[in-house]
Amino acid sequence: MGRRGLGDAGDLAGEAARILVEEQLTDYGLAKRRAAERLGLSSRSALPDNARVETEVLAYQRLFGGHAYVERLQLLRRTAVQAMKLLARFEPRLSGAVVTGAISQAHRVQLHCFPDQPELVDVFLAERGFEVEADERDYRYGDGRSERVPLARFEAGEIGVDVALFAPGQERRAPLAVGNGRPAPRLSLAEAERLAAQPVESLY
C-alpha cells in the first residue's frame, strides 16, 4: 500500500505539472485537484506538496517546452528588469516563478515594492501612461500568519506585471513562495539583471 501511495503521488505531481503548463494555469491547488480527478484518485488521496509539483513543472518544460519556453522565460526576465528600473525609487525585488523558471504561459512578473504609501505606485505608473488595476493578494509567512497586501497590476507589452505593495521595512520579511513553500526569493535589480543575462539553456 505504501509503495502504491508513493506511485500515486509521483503520478499526480507529474500530471498536475502537465495540466499547469498545457492549460496555462498558475494555481497549483487547482492543477492538483484536476490531476487527481483525471487519474481517478479519491478526493481523500494525499496531494503532493507544491515543491514537488514545481520540480515537475521544471522537468516538463525542460523536456517539452522547447524554444517557446526559453523565449517566454527570457522575455519575462527582461521585462522584469525593465519594470524594476522603472520602479527603482520603490526598491523593487523580483520574486515568483520568473526566478525559478517554473512557468506556464499564464505567469506574470511578480515584483515586491516597499512604498511609503501604496497609492504612490499607482499614481507613479498612471502618470507614465500605464493603465493600473488595483487588487489585493494574501501572502502566508513561515510563522503561520497571513497578510493581505495591496497589488498594482499593469501590462508591459505582452507581459503582465504584478507589483505587491508591502509596508516599508518589510524587505527582509519574505512571505512563503507559492511554488515550494519556502521563503520567496527577492532579487535585487543587479541580481535580476544577472539572471536575465544567464542563458535559459543552463537550466538543463
Hey, among LEU111, LEU73, which residue is in the same structural domain as VAL161 (by TED's automatic domain parsing), in a helix (DSSP H, G or I) and either touching a residue at least 40 places away in the same chain (Cβ under 8 Å) or under 21 Å from VAL132 (Cα atoms) (or both)?
LEU73
State whether the residues of the stretch 175-197 include one that is in contact (Cβ under 8 Å) with a residue 60 or more places away in the chain, under 19 Å from the mean Cα position of the chain (by Cα) and part of a strand (DSSP E or B).
yes
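This table checks each residue for (1) among the acidic types (Asp, Glu); (2) in contact (Cβ under 8 Å) with a residue 24 or more places away in the chain.
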position: ASP122; (1), (2): yes, yes
position: GLU127; (1), (2): yes, no
position: GLU155; (1), (2): yes, yes
position: VAL163; (1), (2): no, yes
position: PRO168; (1), (2): no, yes
Single match in THR55, THR79 (criterion: in the same structural domain as SER95 (by TED's automatic domain parsing), out of contact with any Pro (no Cβ under 9 Å at 6 or more places or on another chain) and among the hydroxyl-bearing types (Ser, Thr, Tyr)):
THR79
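The values are calculated or read from the model by the stated rules, or taken from the named source; none is laboratory data. All values reported here derive from a predicted model rather than from experimental measurement. Please note: Cβ atoms are built from the backbone with ideal geometry, for glycine as well, and neighbour counts cover all protein chains shown.
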